[in-house]
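Colleague: What follows is a single structure, and I will ask about it in a moment.
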Amino acid sequence: MSVPQFPVLIDGQTIARRIHELARELRVRAEEEPHFIAVLAGARPFADQLLLALGREKGAYDSIRLASYVGTESSGEVRLLKDLDHDVTGKRVVILEDIVDTGRTILALRSLLFERGAASVETLTLLSKPSRRVVEVPLDGVGFEVPDLFVIGFGMDLDGKYRDLPYVGVYQAEEAERPA
Ligand code: IMP
């Protein structure tokens, strides 16, 4: 089967450059080594590239799996599918997220981390859709602001598909359904 050719919103090179800038900004802010938490599965490519840019080992982060989306719609409810592996008590936590949309996932995760005794919580997200925000959440680093479009690739999926595309593309049903 051929791979659908979705319109490219942000190409891989531009993403890589921006991740290096985010890593530089984080290094300037950070005296203390952060405890990174990647929100799986979407944030994995972002987290891996960011940690490499910081000179840390790929995969050297804790992770949590949350779900709020059904197809291309936000359900409004955030469910915990896989918990953290490490204690966050007293730690400077940096959440790594693929995309902040309504803001509910980050709001829920921040509350969970503070309940568990994190000393501070920062959020770095590769993408943000500000026009979709339902709850306000503080963001400490945003790779790119994007319009209200459903995006796929570079970790982001539609029901488990298209995560491995090396770019951020705009999902189009006609393109996905085109016969091979
Ligand atoms: P929020 O809780 O509404 O901010 O949604 C955050 C989560 O929704 C992200 O971690 C993604 O998993 C998913 N999401 C939101 N918008 C998109 C999109 O355009 N493409 C793929 N996933 C999305």
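The values are calculated or read from the model by the stated rules, or taken from the named source; none is laboratory data. All values derive from a computational prediction rather than experimental measurement. All Cβ positions, even for glycine, are placed from backbone atoms using ideal geometry, and neighbour counts span all protein chains on display. The accessibility values were calculated without ligands, DNA or RNA, using every heavy atom of the protein model including side chains. Shrake-Rupley method; radii C 1.70, N 1.55, O 1.52, S 1.80 Å.
Colleague: How large is the charge dipole for the stretch 8-176, taken about the Cα centre, if only the Cβ atoms of Lys, Arg (+1) and Asp, Glu (-1) carry charge, to the nearest 20 debye?
Modeller: Values: 21 positive and 28 negative charges, 44 e Å.
Here the stretch 8-176 has a charge dipole of around 200 debye.
Colleague: Same structure again: Can you return the lysines within cross-link range of LYS82? Criterion is Cα-Cα under 24 Å, with same-chain partners fewer than 8 residues away left out.
Modeller: LYS58, LYS91, LYS161
Colleague: Also, quick follow-up: Test of understanding: given the chain, find the longest segment containing no GluC sites (Glu not before Pro) that are in a DSSP loop and have at most 13 other Cβ atoms within 10 Å.
Modeller: Answer - 58-135.
Colleague: List the trypsin sites (Lys or Arg not before Pro) within the stretch 10-114 that fall in a DSSP loop (any state other than H, G, I, E or B) and whose Cβ has at most 12 other Cβ atoms within 10 Å.
Modeller: Taking the stretch 10-114 and a limit of 12 other Cβ atoms within 10 Å, the loop trypsin sites (Lys or Arg not before Pro) found are LYS58.
Colleague: Another one. Which FRET efficiency value, to the nearest 0.05, is calculated for GLU115 and ALA176 with the Förster distance at 45 angstrom and r the Cβ-Cβ distance?
Modeller: Once the sixth-power term is evaluated, E becomes 0.70.
Colleague: What does DSSP give for the stretch 36-180 in terms of the percent of beta bridges that are antiparallel, rounded to the nearest 5? Walk me through the numbers on the way to the answer.
Modeller: Details: 9 of 28 bridges.
So the antiparallel bridges amount to about 30 percent of the total.
Colleague: Turning to a different aspect of this structure: Where only protein heavy atoms count, and the probe is 1.4 Å, what is the accessible area per residue for the stretch 94-140 in Å²? Don't skip to the end; give the middle numbers.
Modeller: Working: 1750 Å² over 47 residues.
So the stretch 94-140 comes to 37 Å² accessible per residue, rounded to a whole number.
Colleague: For PHE36, what residues show an amide H to amide H distance below 5 Å, using hydrogens built from the backbone and excluding near sequence neighbours?
Modeller: For PHE36, whose amide H was placed from the backbone, the distant partners under 5 Å are ASP62, VAL94.
Colleague: Assuming R0 = 22 Å, can you tell me the calculated FRET efficiency for the pair GLU21 and ALA60, based on Cβ-Cβ distance, to the nearest 0.05? Show your work: numbers first, answer last.
Modeller: Details: r = 20 Å, r/R0 = 0.93.
The value I calculate is 0.60.
Colleague: With an 8 Å Cα cut-off and a minimum separation of 6 or more residues, compute the relative contact order for the stretch 1-142 in percent.
Modeller: The normalised contact order for the stretch 1-142 reaches 21 percent.
Colleague: Could you give the nm distance between label points at SER131 and PHE144, where each point is 7 Å from its Cα heading toward the beta carbon?
Modeller: 1.6
Colleague: May I ask you to give the percent of accessible area on the chain that is carbon plus sulfur, with a probe radius of 1.4 Å?
Modeller: Roughly 49 percent, rounded to a whole number.
Colleague: Next question, about the same structure. If I take all pairs of Cα atoms in the chain, what percentage of them are more than 29 Å from each other?
Modeller: Roughly 18 percent, rounded to a whole number.
Colleague: What net charge do the residues around GLY117 carry, taking every other residue with its C-beta under 14 Å from that of GLY117, with Lys and Arg at +1 and Asp and Glu at -1?
Modeller: That works out to +2.
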